[in-house]
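Enquirer: Please read through the structure below; I'll follow up with questions.
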Amino acid sequence: MLQIISKSVEETKSIARKIAKSFNVGDLIILDGNMGAGKTHFVQGVLQAYEYSKKVISPTFNIANFYETKTVTVLHIDLYRIEDIEEFDDLGIIEYFDSSIVFMEWGKKIADNFDEYLLISIEIDEENENQRKINFTAKGDKYEKKLIIE
């Protein structure tokens, strides 16, 4: 596990831009954290790294947003309103996993159904509401190397 402290939204986005360079099509990144922790800000930072300039919003109501960049497709999923793996499967979006970099908010509830993924947990610091503890945990060898951030 790797932990990085972010002192602001911009710093969270900067951390995301740096690690984005290690992501590849077919990668699954599960984002965990309370509402307002910064999960969508993290995805915004990743998309900045891929020179995506349009608005990036939380897919809470859409459940999934696709972002086409010059080099990759990013699939941003929000499972807040999805109860279980059966309901997730019914969405039919798993067919896009092999052709996208996938960011799944609230995905811990179905994480056991995937062999490998990178879990990014974002916690609001209780003493400083602007500060975040960002924890990176790899499940599977494929994701261990992604924990090296320069």
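The values are calculated or read from the model by the stated rules, or taken from the named source; none is laboratory data. Computed from a predicted model, the values in this text were never measured in an experiment. When we count neighbours, we look across all protein chains shown, and the Cβ atoms used for this are built from the backbone with ideal geometry, even at glycine.
Enquirer: Taking the criterion of being over 18 Å from Met1 (Cα atoms) and either surrounded by 14 or more Cβ atoms within 10 Å (Cβ to Cβ) or small (Gly, Ala, Ser) (or both), would at least one residue in segment 133-149 satisfy it?
Expert: no
Enquirer: For segment 85-107, how many residues meet the condition of being surrounded by fewer than 20 Cβ atoms within 10 Å (Cβ to Cβ), touching a residue at least 60 places away in the same chain (Cβ under 8 Å) and part of a helix (DSSP H, G or I)?
Expert: So the answer is 3.
Enquirer: Working carefully through the options Val9, Val25, find the one that is more than 22 Å from Asn135 (Cβ to Cβ) and surrounded by fewer than 22 Cβ atoms within 10 Å (Cβ to Cβ).
Expert: After ruling out the rest, the residue left standing is Val25.
Enquirer: Additional query: Out of all the residues in segment 57-70, which are polar (S, T, N, Q) and modelled with pLDDT under 95?
Expert: Ser58, Thr60, Asn62
Enquirer: Among the residues that make up segment 54-69, is at least one of them crowded, with 21+ Cβ neighbours inside 10 Å, hydrophobic (A, V, I, L, M, F, W, C), part of a strand (DSSP E or B) and out of contact with any Leu (no Cβ under 6 Å at 6 or more places or on another chain)?
Expert: Checked against the condition, which is being crowded, with 21+ Cβ neighbours inside 10 Å, hydrophobic (A, V, I, L, M, F, W, C), part of a strand (DSSP E or B) and out of contact with any Leu (no Cβ under 6 Å at 6 or more places or on another chain), segment 54-69 yields no hits at all.
Enquirer: Report the residue count in segment 15-56 for those that are at pLDDT 95 or above, of a type in the set (Ser, Thr, Tyr) and farther than 25 Å from Glu116 by Cα.
Expert: So the count comes out to 1.
Enquirer: From the list Ile110, Ile134, Ile122, Ile82, which residue is under 21 Å from Asn34 (Cβ atoms) and either in a loop (DSSP other than H, G, I, E, B) or out of contact with any strand residue (DSSP E or B) (no Cβ under 9 Å at 6 or more places or on another chain) (or both)?
Expert: Ile82
Enquirer: What number of residues within segment 10-58 satisfy the criterion of being free of Cβ contacts under 8 Å to residues at least 40 places away in the same chain, on the phi < 0 side of the Ramachandran plot and not polar (S, T, N, Q)?
Expert: Selection size over segment 10-58: 18.
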